[in-house]
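First the structure, in the form of structure tokens, and then the observations on it.
The values are calculated or read from the model by the stated rules, or taken from the named source; none is laboratory data. Keep in mind that what you see is a predicted model, and the values were worked out from it rather than measured. Cβ atoms come from the backbone with ideal geometry, glycine included; neighbour counts cover every protein chain shown.
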Amino acid sequence: MTHMKRAGLQYFVKEFFTGGGERSVKVKRHIIFSFLLKAASILITFLLVPLTLHYLGTARYGIWITLSSILGWIGFFDIGLGNGLRNRFAEAMARSDHSLAKKYVSTTYGGMTAIFGAIMLIFFLVNPFLNWAKILNTPPGMEQEVTVLATVVVVFFIMRFVTGLISVILTADQRPALSGLLTFLGNLVALAGVYLITKITEGSLVYIGIALSAAPVIVYIVASFWYFGHDYSFCKPSLKSFHRQYLRDLMSLGVQFFIINIAVLVIFTTSNLIITQLFSPAEVTPYNIAYRYFSMITMGFEIILVPLWTAFTDAYVKKDISWIKNTIRYLLLIWGGIIVFSAVMLVFSGIFYRFWVGTAVTIPFSMSALLAGYVILATWCNLWAYFINGTGKIRISLYIAVFQAVANIPLAIFLARNLHLGPQGVVLATMIVMLVSAVLAPVQSLKIIAGKDRGLWGK
């Protein structure tokens, strides 16, 4: 009997990794490997949080988190070229057109270098006039420290979004696990750097900023030389393959992704800044720790969704509608499990916080409950968004995202300050504006699948 069970398990594992067609096999293998890498990355993140928090203290840690959120905005000024490359490269590879793939890669690298070079120049011109201490609402006496920190970190952030295009190419080629490997290596280098800093220095935001922002850049540079010398030598970027018409092609789709990304940026990354300005940097820490805890769910679900974006593109180009339908059915079953898992995480949240960061930070149960509801709503929206993004029919998503961005900040301020809901009001505001896409995204997706996406639904 035991032998029969073992044989049955072996058959199941073999069938899982080899059954379902080439596209499904590739997706499943990368999902499994991505989960392992993400688990390792999450472990590193959990080690980094208490290590960094203990080194910097609550107030300085809140300043670092807020600055990181602000600087994350820089990545959205690529006019959507990264996401444009993701779709166009996937389409070129689906047609086995390596020459076209090389033109898209070269054009994207050229465009991104020009854009981020201009951003860096503008930053150095404007930076002397920026009062970072006031922007970050820091205690007196930290003006010089936060100014140096901002300057160093901005440079590395800009370099990161250009060198990180190798990760976009890997994902577009349905190899997201390799992209996840680069993220893991970047986190590992960062952890080593932070650990070293805590042993030889005391409470420096500048040193922490260098360690955390330089690590991924180093990994991306090494990976770029490796992959363009081996697997992707056929599309190694060159000035000769840069073409303006392909830049327009990338931007026609990319600009829409750009606007959506800016809107998403306003919705999801201004929470730290709003809490800092309405209350204090110290109030960011409880919110951020609870957010990181529950974001394990969204990160886990995104591991599944990331390879599916490109797979949806491939299936849609090849008109494989049955594969799309079956895949969405599986995603809906997984989302049902997310609801249950979120509730379990909420029940044990207090115990986990004490184990993770000790008693130095108090996190209200109401904050945890709201963030549990937030991840349930966010994963539902992402389920449909990744399919829509894969088809490139994102006009409605653009309109919805702009509306949400316009409504989110005033609603967050109203709920947090005027209704005295505190930082919890900021989370509640985000959930309210997300309801629009929670309704319209599945409607559009079903119309696309049924071939009834006429008018605005199909743009």
(request) Kindly indicate whether any position in region 237-249 is surrounded by fewer than 17 Cβ atoms within 10 Å (Cβ to Cβ) and outside any helix (DSSP H, G or I). (result) yes
(message) Checking the conditions here, which among LEU371, LEU346, LEU383 is more than 25 Å from ALA263 (Cα to Cα) and within 24 Å of the chain's Cα centre (by Cα)?
(response) LEU346
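Would you point out which residue out of ILE221, ILE275 is in contact with an Asp or Glu (Cβ under 8 Å, 6 or more places away or on another chain) and farther than 24 Å from ALA90 by Cβ?
Step by step, each of ILE221, ILE275 is checked, and only ILE275 is in contact with an Asp or Glu (Cβ under 8 Å, 6 or more places away or on another chain) and farther than 24 Å from ALA90 by Cβ.
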(message) Return the residues of region 211-236 that are surrounded by 14 or more Cβ atoms within 10 Å (Cβ to Cβ), more than 28 Å from LEU191 (Cα to Cα) and touching a helix residue (DSSP H, G or I) at 6+ places or on another chain (Cβ under 6 Å); say none if nothing qualifies.
(response) CYS235, LYS236
(request) Please identify the pairs in which a residue from region 273-289 that is in a helix (DSSP H, G or I) has its Cβ atom under 6 Å from the Cβ atom of a residue that is among the acidic types (Asp, Glu) and surrounded by fewer than 24 Cβ atoms within 10 Å (Cβ to Cβ), counting only partners at least 6 apart or on another chain. (result) ILE275/GLU283
(request) Pick out, from region 93-190, the helices (runs of 4 or more DSSP H) lying fully within it that include 3 or more residues that are at pLDDT 85 or above and either surrounded by fewer than 20 Cβ atoms within 10 Å (Cβ to Cβ) or among the hydrophobic types (A, V, I, L, M, F, W, C) (or both). (result) 98-126, 143-163, 165-172
(request) With respect to ARG248, determine if the residue is closer than 15 Å to PHE89 by Cα, free of Cβ contacts under 8 Å to residues at least 40 places away in the same chain and among the basic types (Lys, Arg). (result) yes
(request) State all residues of region 377-428 that are buried (at least 17 other Cβ atoms within 10 Å of the Cβ) and without any contact (Cβ under 8 Å) to a residue 40 or more places away in the chain; if no residue qualifies, say none. (result) LEU411, LEU415, LEU421, GLY425
(request) Test PHE294 against the criterion of being touching a Leu at 6+ places or on another chain (Cβ under 6 Å), crowded, with 21+ Cβ neighbours inside 10 Å and assigned to a helix (DSSP H, G or I), and give yes or no. (result) yes
(request) Restricting attention to region 417-457, report how many residues are more than 19 Å from PRO286 (Cα to Cα) and in a loop (DSSP other than H, G, I, E, B). (result) 5
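Among residues belonging to region 76-92 that are among the aromatic types (Phe, Trp, Tyr) and part of a helix (DSSP H, G or I), point out the one that is modelled with the highest pLDDT.
This residue is PHE89.
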(message) Restricting to region 349-370, name every residue that is touching a residue at least 60 places away in the same chain (Cβ under 8 Å) and either surrounded by 15 or more Cβ atoms within 10 Å (Cβ to Cβ) or of a type outside the set (A, V, I, L, M) (or both).
(response) TYR353, TRP356, VAL357, GLY358, VAL361, THR362, ILE363, PRO364, MET367, SER368, LEU370
(request) Inspect region 388-396 for any residue being modelled with pLDDT under 85 and at negative phi and give the result as yes or no. (result) no
